1. At q = 0.06, 0.10, 0.13 Å⁻¹, what base-10 log of I(q)/I(0) does the Debye formula yield for the protein assembly as shown when every alpha carbon is treated as an equal point scatterer in vacuo?
2. Where does the Debye-calculated log10 I(q)/I(0) of region B:29-79 sit at q = 0.21 Å⁻¹, using only Cα point scatterers of equal weight, no solvent?
3. Which of the chymotrypsin sites (Phe, Trp or Tyr not before Pro) found in region B:225-256 are in a DSSP loop and have at most 16 neighbouring Cβ atoms, other than their own, within 10 Å?
4. Roughly how big is chain B's charge dipole about its Cα centre, with Cβ charges of +1 (Lys, Arg) and -1 (Asp, Glu), in debye to the nearest 20?
5. Who wins for biggest fluctuation among B:P237, B:P73, B:P270 in a Gaussian network model of chain B, springs between alpha carbons below 10 Å?
6. Quick query: amide H of B:R150 versus all other amide H atoms, modeled in the peptide plane; which residues come in under 5 Å with a sequence gap of 5 or more or a different chain?
7. Given H placed on each backbone N at 1.01 Å, which residues far from A:R93 in sequence or on other chains put an amide H within less than 5 Å of it?
8. Could you identify which residue out of A:I55, A:I20, A:I42 has the top mean-square fluctuation in a GNM of chain A using Cα springs shorter than 10 Å?
Amino acid sequence: MHTEDLTTILQQHPFLAGFIDEHMKTLIGCASNVRFAEGSTIIREGEIANTFFLIRSGRVALEIDVPGRGAIRVQTAGPGEVLGWSWLISPYRWHFTAVAVVETRAIALDGECLRNKCESDAGFGYDLLLRLAEVMESRLEATRLQLLDMYGLSAPEVRA
Amino acid sequence: MNNVVAPVPHGVTDPMVSHPVLIRRIIWENDDTFTLTLDMGDWAGPFRFKPGQFNMVYVFGVGEAAISISSDPHKTNLLDHTIHRVGTVTTALAQKKRGDVIGLRGPYGSSWPIDAATGKDVCIVSGGIGLAPLRPVVYSLARQRDLYKRIIVLYGGRSPLDLLYRVELEKWANENGIETLVTVDRGDTSWKGHIGVVTGLFNYIKLDARETVVFVCGPEIMMRYTVDELGRRGVPPDQVFLSMERNMKCAVGFCGHCQFGPTFICKEGPVYPLPKIRPLMERKEL
């Protein structure tokens, strides 16, 4: 794939909306186009985390293996969303397994490459981290709601 | 104390008197939710209701519960109520069989303002049993599909097995051009759909905020987060409508059981425009 094509794809991804050209040029050196067949494992819990995925199409499920219950799917990510931030935080190990629920296309950004560029270009690093923080905040809020098990119980004032 | 008593519903001479109706069918939607189909053949005239309205369903000797009507408003001979088994009355209803008789009075309450959506996009956001009061809206919109632009149904459930109307959800998408997105809080590896909260589904639809009317029903906490998300996406508050739930007793504005701040849900609700209800949603004591 030509660099021009990758740039266009990256510019269209919501995670990078408004990313300035200079930062986009910095980012492109870490990017490659990837495709996962339905059912294939993209990342595996416990393994070294060195990729940040921008999902273009398809759907990815995050799984936790629960002893005695098998794999439990706790979240999915789809087009316009991202997968994985363990590449950013030491000790760089995945905390989940991710499986392509359907055929999935994504841009894979090399984690070590990104870390180095964040170190050497503080402006780029800050911009990237702000975007990741937004994703983390949104996921944290969603997780809190899921923890409430809000569909499972009726409030006392509506029981009859 | 003007206008305290709600108007007498159609076909009912005294709004406090239940009328016997026959159970035609019971379908279990999941482990603790079932749909009762009532035969309205003996009702005094056709039973007319508007989407979003509710009935008081009476189990003789046990008590009454307010239940939203979940069937097609154009079918007046059969009436569906989808019921979550959570208390004494709903547990007694769950034990009923085809051919049993229960009491019914209604319909009561305000309705979803479907006319406000004419010529616009409609987005229905529902969670858990909150899809039940919105199901008549989907039927009504589908019946006059040409009057609306996009129709979007976002639905969240606890798990794949807890989802209501699974066959219909697929049918709506396939036959009526309704964009139907379903998500669950957790699933096993056989579930190929979305997993996550219902507000996450907004990431997959491009909402034309100014041209969309939104109907929301589900647990209050879900509705609060949905309202926040709609705000972030620029949907004007006066284009958002919610259905509130409280325990109702008289259903005609007498008893005050369903009081929600300055409003009685049985009379002014259950469907409210967001600007009217938003300040109340944020008050803990309510």
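1. With no solvent term, the Cα-only Debye profile gives -0.31, -0.77, -1.14.
2. Log-scaled intensity ratios, in q order: -0.88.
3. Those that pass, being in a loop and sparsely packed, are B:F254.
4. I would put it at about 140 debye.
5. Taking springs between Cα atoms under 10 Å, the residue moving most is B:P237.
6. For B:R150, the qualifying residues are B:D121, B:V122.
7. Placed amide hydrogens put A:A49 under 5 Å from A:R93.
8. Residue with maximal mean-square fluctuation among A:I55, A:I20, A:I42: A:I20.
Bear in mind these aren't lab numbers, they're just calculated from the coordinates by the rules spelled out. Note that this is a predicted model, so its numbers are computed, not measured. In this analysis, Cβ positions are derived from the backbone assuming ideal geometry, glycine residues included, and neighbour counts consider all displayed protein chains.
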